[in-house]
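Have a look at the structure below before the remarks.
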Amino acid sequence: MADPLSILRQYNVNKKEIITKGDNIIFGEFSWPKTVKTNYLEYGSGKDGAPKDYYTLECLLFLLKHVSLTHPTYVRKAAAENIPVVRRPDRKELLAYLNGETSTATAIDKSAPLEIPTQVKRAVEDASDSTAKKPRYDDSDVQKIKEQLALRFDAPKKSSIVSNIDRSLSEAMSIEKIAAIKAKRLALKRTMIKEDDDPGLGTDLRGMLEFDIDMTKDITTKERQWRTRTTILQSSGKQFAASIMGLLKSIRAREDGRVRTSAPNPVPTPVSRVPQQPAGYSRYDQERFKGKEETEGFKIDTMRTYHGLSLKSVTEGSQSHKMAPQPDLAPQNKPAPGQQMKKPSRTPIIIVPNSPTSLITMLNAKDLLQDMKYVTSEEKRKQGTKRETEILIQRVKPGGLTVPYRVTDNPSKLSYADWDRVVAVFAMGPAWQFKGWPHEGNPVEIFNRICAFHIKYEEITLDANIGKWAVHVINLSRIRRHLDRARFLEFWEKLDRYIVLKKPHLRS
């Protein structure tokens, strides 16, 4: 139910008109007497058993009309007009509520009895307004309308007259004579067309047209066809069926030749007419182009090394010299006959620190990287979680796709092929963490080839080494766990960009 206080606030905020008529105050369709009480308590009433007094609607409306006056001037003016005043302690909070600055006030009594408004009847005023809005026509406008109506009603009569004239003309003259008259009239119209006074205008115009044609021909001869991905597939000189069949026949002949050479009784195969294409250029296959020009005919082994040999074996000559075996960083065992070669793994590897002081360890790595929620290592120990040297996490990407990642804290067990799959490392700060790693344990070289991250609390100062290295810092809050997901989503976005750019052969 509408109460006078909220209606007054609504009209004051929206700058609507409030009508005072006699002893009533009208808000659109609702009307209350001036002396009706609102549910806004006066200052000091209703406390310690005192009766509750409420401001009247007239009192609040008078305050809004004279809000620009100072309080003493407002009190004198209200007393002169015999209207109750709003007390000074209520003035600030009441005006803030009525002006829409606050949504409620402490002095509003929601349990106060409210008076039902009366419905305002405006039927007479609406009728007077509707009559006032009707358009009024002058005598000249009325006369124009009458003439338009008369022309509209006279049009059928005129059409009937024209049809009667045509009928009488066809009866008086034959169709051939009427056609001859029409042809003569058209010929007369053609002779009545005025020719230009300048006789040389036609030749000039013809010369201009010929010049335009020549220029157009020059432009069209220099045009080039616009090539797009659609037009380039629309070949005009070749037929798809003939070219693809020739390609398939050459492949079939090549396969037949391979099968027959492996057979115990080889049968000579017909020579294929398809020309063999020369081998393509490869920068990794330059050894086959190296001839004797490097050594000038001398038997010099350019791939020889003296690493691991003593001085005596070097000075004795090539007879007693035996090349030291080189460690194979990526050993590839040749499969036995009939055995298939093992397919290399494409699972990325993430290395975490093997230190109890690190914020990420093997105990909570799955919670951080897979569930994207930070749980301390102490909590995981209390829950009875056992530490493992290697775990497999499943990262769920948008769309439901799952990608596995291998997490370990023992890089010494990684082979050369495994190091090629290392995509991320979590650094603590001290350089001894990378002792025994490739590239002589130099963090700068390692971070140029592996994406590095560092986890710390927001209030802790960043480590000096981390600040100098190319490391992405992940700041975690000790309390606000709802921010963890956003932090680790940034981690996965950076790691995805690194894998696509540097190691596209791995899963991501």
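The values are calculated or read from the model by the stated rules, or taken from the named source; none is laboratory data. None of these values were measured; they are calculated from a predicted model. Glycine gets a Cβ as well: all are built from the backbone with ideal geometry, and neighbour counts include every protein chain shown.
At-a-glance table
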| read-out | value |
| --- | --- |
| Exclusive hit being touching a Ser or Thr at 6+ places or on another chain (Cβ under 8 Å) and farther than 22 Å from L489 by Cβ, set T385, T461, T389 | T389 |
| Residue tally, condition surrounded by 13 or more Cβ atoms within 10 Å (Cβ to Cβ) and free of Cβ contacts under 8 Å to residues at least 60 places away in the same chain, over segment 451-469 | 9 |
| Qualifying residue in segment 459-477 (condition: under 29 Å from the mean Cα position of the chain (by Cα) and within 24 Å of S345 (Cβ to Cβ)) | no |
| Matching residues, segment 75-107, being under 21 Å from T35 (Cβ atoms), among the acidic types (D, E) and not in a helix (DSSP H, G or I) | E81 |
| Helices (runs of 4 or more DSSP H) (entirely within segment 401-500) containing at least 3 residues that are closer than 20 Å to S355 by Cβ and in contact with a strand residue (DSSP E or B) (Cβ under 9 Å, 6 or more places away or on another chain) | 443-449 |
| Among (1) out of contact with any helix residue (DSSP H, G or I) (no Cβ under 6 Å at 6 or more places or on another chain); (2) surrounded by 14 or more Cβ atoms within 10 Å (Cβ to Cβ); (3) free of Cβ contacts under 8 Å to residues at least 60 places away in the same chain, the one test that V375 misses | (1) |
| Pair list, Cβ < 7 Å and 6+ apart or interchain, from segment 242-256 residues that are polar (S, T, N, Q) to residues that are modelled with pLDDT under 80 | S250/S272; S250/V274 |
